[in-house]
């Protein structure tokens, strides 16, 4: 999280972090060849979404919270691909780019305005401060979309994934659906935890570490300039407008979802486009929702799951909205109405020996870094040192340099003979010839002696 905020906004919004989603979407037919490939993708995505959401709940750095929200939303995208909601995954990539960019840029505006301060415990009441209203309300737009508030862009893209988790029949997909709904509630909570803490409540701030020794009492925040506010408004407007493709028609008959659905329909990921007639598997008609390796033929023949006895696509509108409002309500209570309630709950959990592990593990990111260092980084470092020793000592030292150094050593031994006197060279030649002749003369005796010695030494 040490990179420049515009770079974070670009990377987390739409480029590097979504490359895996794009790769799986482009190679969708390969994943459909195996009955276990897409279920694995779905479970990895669903657990990632939940895991990252719990970490985001316990962090205090605003950019770090947004970074873990990116990991969580990527989990939703992979979940969508795994449950044959390639349209929902692609649409969520599109909407996520807008609201995550505006969230990171508002974090950057706050960081620069408050001398690098990003601790939400040391910032409060930004929307009441002069020059910070645009930052506050554009952050609100991003938070609403990230939380999946009804009728926002994130609401439509995320719900398409959640509904298909119940529609598609697969290995525990319905459990994944409920898990993803629970994660959506956590997302709403930690998202508005940031907004209620930073933008609402009484006016309070502490400068960050970039104050460089100035007197903190004389510090005054520097609101963003017009250009930055214009960028924030433009991207926040894009986050709102990103909901329109859900209602748009397109040129492909029978497909709803605007140009996003049509784009996916024209790609290898068309198996997850709603209402799309795409292929026949092994000469037989099959529906996408009967198995993750089959194709859509006719929506009327699709086998649907259910949510509380209702059609998932309809029920999700209500369930997702209710869950999001519950998460928002908890955030309002713990971080605005009673701002000390969250700290009090944390202290109670820490006071009990049975529950203290939970806040400690969440705040320490479930010790993922420590696990990575112990299990992966350290063994690889040891192996690297061992291989380096073998390379330098045996391969380079003994084999390469040793073989190459032997002629040099022999030449060094005989270098005194190179004195420039012809007589010395003649004596050396005659002596060498005499030595060769003697060896040739006595070679049979030498070989017989060696042979008898070796036979005698054999038991």
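The values are calculated or read from the model by the stated rules, or taken from the named source; none is laboratory data. Just so it is clear, the model here is predicted, and its values are computed rather than measured. All Cβ positions, even for glycine, are placed from backbone atoms using ideal geometry, and neighbour counts span all protein chains on display.
Between 197, 193, the distinction of being within 26 Å of residue 72 (Cβ to Cβ), at pLDDT 90 or above, in the same structural domain as residue 116 (by TED's automatic domain parsing) and in contact with a strand residue (DSSP E or B) (Cβ under 8 Å, 6 or more places away or on another chain) belongs to 197 only.
Restricting attention to segment 10-25, does a residue exist that is within 24 Å of residue 173 (Cα to Cα), without any contact (Cβ under 8 Å) to a residue 12 or more places away in the chain and either over 19 Å from the mean Cα position of the chain (by Cα) or outside the structural domain of residue 191 (by TED's automatic domain parsing) (or both)? No, there is no match, as no residue in segment 10-25 is within 24 Å of residue 173 (Cα to Cα), without any contact (Cβ under 8 Å) to a residue 12 or more places away in the chain and either over 19 Å from the mean Cα position of the chain (by Cα) or outside the structural domain of residue 191 (by TED's automatic domain parsing) (or both).
Report whether or not residue 286 is at pLDDT 75 or above and either farther than 23 Å from residue 93 by Cβ or exposed (fewer than 13 other Cβ atoms within 10 Å of the Cβ) (or both).
Working: at pLDDT 75 or above: no; either farther than 23 Å from residue 93 by Cβ or exposed (fewer than 13 other Cβ atoms within 10 Å of the Cβ) (or both): yes.
No; evaluated as a whole, the condition is false for this residue.
There is at least one residue in segment 43-56 that is over 29 Å from residue 334 (Cα atoms), assigned by TED's automatic domain parsing to the domain that holds residue 273 and either surrounded by fewer than 23 Cβ atoms within 10 Å (Cβ to Cβ) or in contact with a strand residue (DSSP E or B) (Cβ under 6 Å, 6 or more places away or on another chain) (or both). Of everything in segment 316-329 that is modelled with pLDDT under 90 and surrounded by fewer than 18 Cβ atoms within 10 Å (Cβ to Cβ), the residue that is farthest from residue 76 (Cα to Cα) is 318. Which members of segment 212-251 meet the condition of being surrounded by 16 or more Cβ atoms within 10 Å (Cβ to Cβ), within 31 Å of the chain's Cα centre (by Cα) and outside any helix (DSSP H, G or I)? Result: 224, 242, 243. Would you confirm whether or not segment 207-216 contains a residue that is in contact (Cβ under 8 Å) with a residue 60 or more places away in the chain, in contact with a strand residue (DSSP E or B) (Cβ under 9 Å, 6 or more places away or on another chain) and farther than 21 Å from residue 73 by Cβ? Yes - at least one qualifying residue is present in segment 207-216. Just wondering, is there one or more residues in segment 59-82 that are in contact with a strand residue (DSSP E or B) (Cβ under 8 Å, 6 or more places away or on another chain) and not in a helix (DSSP H, G or I)? Yes. Of the residues in segment 92-113, not one is out of contact with any strand residue (DSSP E or B) (no Cβ under 6 Å at 6 or more places or on another chain), outside any helix (DSSP H, G or I) and crowded, with 24+ Cβ neighbours inside 10 Å.
Determine, yes or no, whether residue 158 is in contact (Cβ under 8 Å) with a residue 40 or more places away in the chain and surrounded by fewer than 20 Cβ atoms within 10 Å (Cβ to Cβ). Before you say what the answer is, go through the steps one by one.
Numbers: in contact (Cβ under 8 Å) with a residue 40 or more places away in the chain: yes; surrounded by fewer than 20 Cβ atoms within 10 Å (Cβ to Cβ): no.
No.
Only one of these is under 32 Å from the mean Cα position of the chain (by Cα) and closer than 30 Å to residue 149 by Cα: 319, 382, 373. Name it. Going through 319, 382, 373 in turn, just one is under 32 Å from the mean Cα position of the chain (by Cα) and closer than 30 Å to residue 149 by Cα: 319.
Only one entry in 339, 392 is assigned to a loop (DSSP other than H, G, I, E, B) and surrounded by 10 or more Cβ atoms within 10 Å (Cβ to Cβ), namely 339. Among the residues of segment 114-125, just one is closer than 21 Å to residue 9 by Cα and part of a helix (DSSP H, G or I), namely 120.
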